[in-house]
Amino acid sequence: MKQPRRISRQLEELTSLFDDIEIDINRSDIAADIITRHRRINEAKETAKSLSVDTTAVTPGRHIKFISFGSGSSGNCAYIGTKDGGVLIDAGVDNNYVTDQLLRNGIDIDNVKGIILTHDHSDHVKYAYSLLRRRSSTLLYCTPKTLNGLLRRHNISRRIKDYHRAIYKEFPFEVAGMTITPFETSHDGSDNVGFSISTDGITFVVTTDTGHITERADHYMRRANYLMIESDYDLDMLRRGRYPEYLKARIISDTGHLDNMVTARYLAEIRTPILREVYLCHLSQDNNSPELALATVKDRLAERNVNVITDDASPTGDALRLSVLPRFKSSPLFILRPLDE
């Protein structure tokens, strides 16, 4: 007769379901990784509770919440959403950092209903699958060419196709109560788009990674109340800098990036009172600085007698608020309101 397996420890010595278990979180096994992740999330939740938030400024009325988690060739990702949820614009920033920063601003990662991709370069797609794979309700919105480029260029699981929903330029689609329209931009990705995002009388437009302002980008940016636009480099810094000539030529080309002066001239040309705030994005670490980008754009707008503010105050009258999105960290939480509020 087979003997029952002996238990080497007394039952009273074994941990129960409700006991606290001490585990070395420095171990690299799966259990330790899960515990570390949950501790990080719980810490972020506690931090969010302790933040001093003016709920009267955030919850009532019509508004969009906007946060950038990083902007530049090191990684791009931003959140834009309503009370019904939101989307991530690109996915080039570490998924754990994005989750933590959302919680710090009172937004659960489960409120993210989709990721919309501007193009397939690594600094815009690196963490897409990591953000998607644990959330079956979150979808990936990009053009078919962008998806093919993503799979061809990068070591990303082909299972990402399970989350894909095809979008097409100039064809609006809806996510979380927002109407999103992709439009043509000019860059050397597989397929490049900007986005016009509208809801409740608010229009937010993002145009990044483009070597020149395309006709369709111009069409949508002139209708924006809030505009996120690339101001990648200072031309003089780039020409004098350490980059090899082939890379300088790529950046300056019509399928490269926008320099400060081009962005400044364009904003001065299109600015009307319906444009309330501008966020300069994708600044080069080597060939630009936040101070230089702000000064270049502000000076050009001043020539057109545009009243520009660059602090945290809300614009009054016909003033335009101008901000630079940080390269390596999160921006503040911006609350975007309709013009009639």
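The values are calculated or read from the model by the stated rules, or taken from the named source; none is laboratory data. These numbers come from a predicted model, not from an experiment. Every residue, glycine among them, receives a Cβ derived from its backbone with ideal geometry; neighbour counts consider all protein chains shown. Accessible surface areas use protein heavy atoms only, side chains included; no ligands, DNA or RNA. Shrake-Rupley method; radii C 1.70, N 1.55, O 1.52, S 1.80 Å.
Exactly one residue out of ILE274, ILE309 is aliphatic (A, V, I, L, M), closer than 15 Å to ASN225 by Cα and either in contact (Cβ under 8 Å) with a residue 12 or more places away in the chain or touching an Asp or Glu at 6+ places or on another chain (Cβ under 7 Å) (or both): that is ILE274.
Among all positions in the range 300-310, there is at least one residue which is part of a loop (DSSP other than H, G, I, E, B) and under 25 Å from GLY75 (Cβ atoms). Only residues that are under 22 Å from SER331 (Cβ atoms) and surrounded by 21 or more Cβ atoms within 10 Å (Cβ to Cβ): list them for the range 225-258, please. Across the range 225-258, the qualifying residues are TYR226, LEU227, MET228, ILE229, GLU230, SER231, ASP232, TYR233, ASP234, HIS257, LEU258. For the range 260-287, filtering for residues that are in a helix (DSSP H, G or I), open to solvent by 20 Å² or more (accessible area, probe 1.4 Å) and over 18 Å from TYR233 (Cβ atoms) leaves 1. ARG165 meets the stated requirement of being surrounded by fewer than 19 Cβ atoms within 10 Å (Cβ to Cβ), of a type in the set (D, E, K, R) and at pLDDT 95 or above. Kindly list the number of the only condition in (1) surrounded by fewer than 20 Cβ atoms within 10 Å (Cβ to Cβ); (2) among the acidic types (Asp, Glu); (3) closer than 28 Å to PHE334 by Cβ that fails for GLU215. All conditions are met except number (3).
Would you pick out the residues in the range 168-187 that are at pLDDT 95 or above and in contact with a helix residue (DSSP H, G or I) (Cβ under 9 Å, 6 or more places away or on another chain)? Answer for the range 168-187, where residues must be at pLDDT 95 or above and in contact with a helix residue (DSSP H, G or I) (Cβ under 9 Å, 6 or more places away or on another chain): TYR168, LYS169, GLU170, THR181, PHE183, GLU184, THR185, SER186.
Of everything listed in (1) open to solvent by 20 Å² or more (accessible area, probe 1.4 Å); (2) modelled with pLDDT of 95 or more; (3) among the acidic types (Asp, Glu), the single unmet condition for ASP200 is (2).
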